[in-house]
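Student: Next up is a structure, given as structure tokens.
What follows draws every value from the coordinates through simple rules; no lab data is involved. What you see is a predicted model, and the numbers here were worked out from it, not measured in a lab. Every residue, glycine as well, gets a Cβ built from its backbone with ideal geometry; the counts of neighbours run over all protein chains shown.
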Amino acid sequence: MGFVLAATGSAIGLGNLWKFPFITWENNGGAFVLVYLMCIAAVGLPIMMAELLIGRSTQKSAVGALKEAVGPAWGLVGLWGVMCGFTLLSYYTVIAGWSLFYFAKTVTWSLSGFPAGLATGDLFGEQAGNGSLQLMLSFGFSIATVGVVYFGVQKGIERIARLFLPVLFVILVLMLISALGMSGSREALGFIFRPNFAELEPTSLLEALGHSFFTLSLGMGAMITYGSYISRGQSIVKASAIIVVLDTLIALIATVIMFSVIFSVAGMADDVSDTGTVGMLFISLPALFYSEVPFGRILGPLFYVLVALAALTSTMSLLEVVASYIIDEHGVGRRKATLMCGGVVFVFTVLAAVSFGAVPFITNLEVGGALGDLLFGGKVGWFSMADHFVSNWMLPTGGLAVTLAAGWFMTRQATESELMDGTEPGWFRYGVWRFFIRFVAPVAVAAIIVAVIFFGVDFS
Ligand code: PFF
């Protein structure tokens, strides 16, 4: 139970609350959602099982697990995952910090009223561009993350997941009830669940695929590391199914909530298309809690608690990937390793935190030329460059390596004995999994990489 909640907490994060609603919006809803569900089932679920089984069979974290399960050279793939976790953590913390800022703001507004005529777009820009505020917020969030991982898997990570995930579900359900009471909810449900394939762009499939990695925390060894904490006697298949279903459910609920608000306010749909994801969560919603959302004075602050909790259960898994590598492969004690890793990651968090205007050099940083385009998509600023590199390069390449490892480099017997250990549910067929992990998943993931290199598709 503790493990399943921790892994679910890793999966549920800003990807669900922030990114998924936005890409669903950009890709015109319905048909995209259906394609996304297919990607999750056909690619996400098999790879989730692969990562968990590699972790459990070896009882080691990413690098050691891949070395032992597949071969010494595969340690490099694990190391690539550790680097990915490191990079993602360094900037994820900054967005997480914004939720702290908006929590504080909404508490004030709920108590003393929403200031008339406040331009929330300007407020957002000011807070993001305020270097010392950004450093404080992201430092606060980093301390929380380090504080959890410091106490280890059972006393830290699993305990926090047990405590916070139920809170997160309750807040989300309260928000859903409130959203369904809004005038736009009908239109929102239609937009999300009524497929219209004429609206589907060819790149939507790829975008859905790319996001399924991010949202399920795959491709960087997080689930390998968490898999090493699963006990024998617990089914990897069942655990994977629960994690994947809950993650998907939360993403869909978040989308219903956000779109109900959007469709309830005249002119809002155009605003959202202009300001993008950041706009939805941190520019439009803060004000709407005080004008449109039923019980918004209570739900406003609660919503930002939700974002912060979802982010924390993800950041702790990211730090765990990095720390457990240092602990297992370099023999450093957990407490020392956690503090060390947290400290080094924070150095890079500083760069991300000041890349929204606070330090012009970092805000305008750019790698020109063909290589810059290929690796960073011509993105400007440290934050955007790091995000681009992780989503377009690190996660897909890591994911491809894992599918090849589990499908082609590990023996059939090794994977079969982990998945078919007598605990698997009746519906599970090993042969089906093997087909997906050998053929479907690698082709799908390779398509992402081809799209990035040759067609300039952007998954960040
Ligand atoms: N799954 C997280 C989200 O949807 O926000 C992001 C993430 C966390 C990716 C942890 C990878 C990871 F190891």
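Student: Of 48, 33, 152, which is farthest towards the positive pole of the chain's charge dipole, taken about the Cα centre with +1 and -1 on the beta-carbons of Lys, Arg and Asp, Glu respectively?
Tutor: Comparing the listed Cα positions along the dipole, 152 ranks first.
Student: Tell me the volume per residue, in Å³, of the convex hull enclosing the alpha carbons of region 197-240. Spell out each step's value before the answer.
Tutor: Numbers: hull volume 3.4 nm³, N = 44.
Taking the convex hull of the Cα positions in region 197-240, it is 78 Å³ per residue.
Student: Which entries of 60/105; 19/105; 67/155; 105/336; 67/336; 19/336 show an alpha-carbon separation above 32 angstrom in the structure shown? Walk me through the numbers before you get to the answer.
Tutor: Working: 60/105 43 Å; 19/105 23 Å; 67/155 28 Å; 105/336 35 Å; 67/336 24 Å; 19/336 34 Å.
Among 60/105; 19/105; 67/155; 105/336; 67/336; 19/336, the Cα-Cα distance tops 32 Å for 60/105; 105/336; 19/336.
Student: Can you compute the helix-only [θ] at 222 nm over the chain? Use -39500 (n - 2.57) per DSSP H run of at least 4 residues, normalise by all residues, nearest 500 deg cm²/dmol. Could the numbers behind the result be given before it?
Tutor: Values: 24 runs with 326 residues, N = 460.
Helices in the chain give a 222 nm mean residue ellipticity of -22500 deg cm²/dmol.
Student: At each listed q (0.11, 0.19, 0.21 Å⁻¹), what is the log10 of I(q)/I(0) that the Debye formula gives for region 293-446 modelled as equal alpha-carbon point scatterers?
Tutor: -0.78, -1.18, -1.22
Student: How tilted is helix 131-150 with respect to the longest principal axis of the chain? Cα atoms for both, answer in degrees (0 to 90, nearest 10).
Tutor: Value to nearest ten degrees: 40.
Student: For a bin width of 10 Å, list the pair-distance distribution of region 1-150 built from all Cα-Cα distances, rounded to whole %.
Tutor: 9, 25, 31, 24, 9, 2, 0
Student: So if I restrict to the alpha-carbon atoms in region 91-217, what is the Rg, and what is Dmax, the biggest pairwise distance, in Å?
Tutor: Final numbers for Rg and Dmax: 19.3, 52 Å.
Student: What is the percent of Cα-Cα separations in the chain that go past 27 Å? Before the final figure, lay out each step's value.
Tutor: Working: 54747 of 105570 pairs.
Above the 27 Å cut-off, the chain has 52 percent of its Cα pairs.
Student: Determine, for 76, 66, 209, the number of other Cβ atoms within 10 Å of each Cβ, and report the residues in order from fewest to most. Before the final figure, lay out the partial values.
Tutor: Values: 76 13, 66 30, 209 26.
With the fewest neighbours first, 76, 66, 209 line up as 76, 209, 66.
Student: What angle do you read, to the nearest 10 degrees and between 0 and 90, between the alpha-carbon axis of helix 159-180 and the longest principal axis of the chain?
Tutor: 40 degrees
Student: Next up: Could you please rank 388, 211, placing first whichever residue has the fewest other Cβ atoms within 10 Å of its Cβ?
Tutor: Values: 388 19, 211 24.
Exposure proxy ranking, most exposed first: 388, 211.
Student: Right, here's the next one. What Kirkwood hydrodynamic radius, in Å, does region 387-460 give when the mean of 1/r is taken over all pairs of distinct Cα atoms and then inverted? The partial results should precede the final answer.
Tutor: Details: mean 1/r = 0.0733 Å⁻¹.
Its Kirkwood hydrodynamic radius stands at 13.7 Å.
Student: Can you put 92, 150 in order of Cβ neighbours within 10 angstrom, beginning with the fewest?
Tutor: Values: 92 26, 150 18.
In increasing order of surrounding Cβ atoms, one gets 150, 92.
Student: Hey, another quick one. Can you list which of the trypsin sites (Lys or Arg not before Pro) found in region 349-429 are DSSP loop residues with at most 15 other C-beta atoms within 10 Å? Before the final figure, lay out the partial values.
Tutor: On the way: sites: 379, 412, 429; in loops: 379, 429.
Sparse-neighbourhood loop trypsin sites (Lys or Arg not before Pro): 429.
Student: Which angle from 0 to 90°, rounded to the nearest 10, does the C-alpha axis of helix 268-278 make with the longest principal axis of the chain?
Tutor: 50 degrees
Student: When N is the residue count of region 95-143, what does its C-alpha Rg come to as a fraction of 2.2 N^0.38 Å? Walk me through the numbers on the way to the answer.
Tutor: Numbers: Rg = 11.5 Å, N = 49, 2.2 N^0.38 = 9.7 Å.
So region 95-143 has a normalised radius of gyration of 1.19.
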